[in-house]
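Single-structure report; data block below.
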Amino acid sequence: MKIERTLIRGIGALLLFGLVSSVSAQSIFLTPTGAVDNVNNGDTVSFNIVMDFSGYPNGTLGGGFDINFDSSALQFGGFTRLVVGDPAFGRDPDVFDGLLESWALGDFNGLPTSALLGNVWFQVLPTMGASTTVSTSPTSGVAGPWVDGTDFVTLIPVVYNQITVARPVDSDDDNVADSDDFCPDTAIPEVVPTVRLKPNRWALIDADTNFDTIVKGKGKGPKRGYTAEDTAGCSCEQIIKAQGLGLGHTYHGCSISAMDDWVELVTP
């Protein structure tokens with residue numbers, strides 16, 4: 001299974017690069033297994049869950065934690081819980097709307113100071129805004145707090161974390177991510193045409209990212225269309241400048257041949 005392979009690779013990476021010790025002691029934290037800052041609808045985002053009690057000399061008997069997410073932004077996909085400590089003390093979390101509650105582990109002989117606890121994954125929903133978060137937190141359910149491994153009484157303060165999941169940045173709101181945008185600072189609507197838009201000429205003359213044209217008389221118009229996505233985020237005005245086109249395009253909009261040439265140029 002793909003998620004399980006990712007989890008195994010995550011274990012190796014944590015051991016190889018020492019990531020378990022890179023976060024403050026007494027921590028239950030998430031580490032992304034892939035990119036979470038450039039996601040699109042339908043993408044899967046996955047997180048390893050790690051404990052680090054390396055700075056607590058007495059160790060811990062065990063405890064529990066929650067994982068929180070916005071269910072209007074991310075659809076819960078599943079989790080894998082690794083057996084850490086005594087299996088009899090391990091507990092799968094209860095899955096609620098926006099919450100995995102009371103993921104627990106424990107051992108009367110003490111838990112490892114550092115361990116990979118498992119993995120959780122989600123799918124990005126179309127209703128997600130520019131960003132959302134996934135976080136660990138103290139449990140609100142049946143699993144108890146983290147307890148000292150020597151006296152079995154002292155409660156251990158634990159640090160939790162939050163990971164931001166974000167869509168691609170689109171600084172000029174042309175529906176093209178900055179990383180793919182050939183033309184930064186695109187203005188929509190644009191100043192072209194400076195005289196009037198003619199038939200079979202194209203420009204972004206209103207507030208959307210669809211190029212507009214004029215249908216002559218009772219004709220059906222050109223059997224084609226262009227969007228800012230097709231032009232890699234470039235308006236007619238920017239295409240004119242980049243291609244060194246004549247004033248006719250500035251006066252009346254970009255011709256079909258100019259548009260086709262540009263789309264072919266910027267299409268991978």
Segment 86-113, subset assigned to a strand (DSSP E or B) and charged (D, E, K, R), residue nearest to residue 67 (Cα to Cα): 101
Where residue 77 falls short, out of the listed (1) assigned to a loop (DSSP other than H, G, I, E, B); (2) surrounded by fewer than 17 Cβ atoms within 10 Å (Cβ to Cβ): (1)
Filter result (among the charged types (D, E, K, R) and under 30 Å from residue 108 (Cβ atoms)) within segment 135-191: 148, 151
One residue from 108, 122 being in the same structural domain as residue 29 (by TED's automatic domain parsing) and either among the acidic types (Asp, Glu) or surrounded by fewer than 16 Cβ atoms within 10 Å (Cβ to Cβ) (or both): 108
Residue under evaluation residue 238, criteria (1) within 32 Å of the chain's Cα centre (by Cα); (2) part of a helix (DSSP H, G or I); (3) loosely packed, with under 15 Cβ neighbours inside 10 Å, criterion not met: (3)
Count - residues of segment 44-62 that are buried (at least 17 other Cβ atoms within 10 Å of the Cβ) and part of a loop (DSSP other than H, G, I, E, B): 4
The one condition in (1) closer than 24 Å to residue 172 by Cα; (2) among the aliphatic types (A, V, I, L, M); (3) free of Cβ contacts under 8 Å to residues at least 12 places away in the same chain that residue 247 fails to fulfil: (1)
Qualifying residue in segment 114-135 (condition: over 24 Å from the mean Cα position of the chain (by Cα) and either of a type outside the set (A, V, I, L, M, F, W, C) or not in a strand (DSSP E or B) (or both)): yes
Those residues of segment 34-91 which are hydrophobic (A, V, I, L, M, F, W, C) and under 16 Å from residue 110 (Cα atoms), in sequence order: 51, 53, 61, 83, 84, 88, 89
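The values are calculated or read from the model by the stated rules, or taken from the named source; none is laboratory data. What you see is a predicted model; the values in this text were computed from it and never measured. Note that each Cβ is placed from the backbone with ideal geometry, even for glycine, and that neighbours are counted across all protein chains shown.
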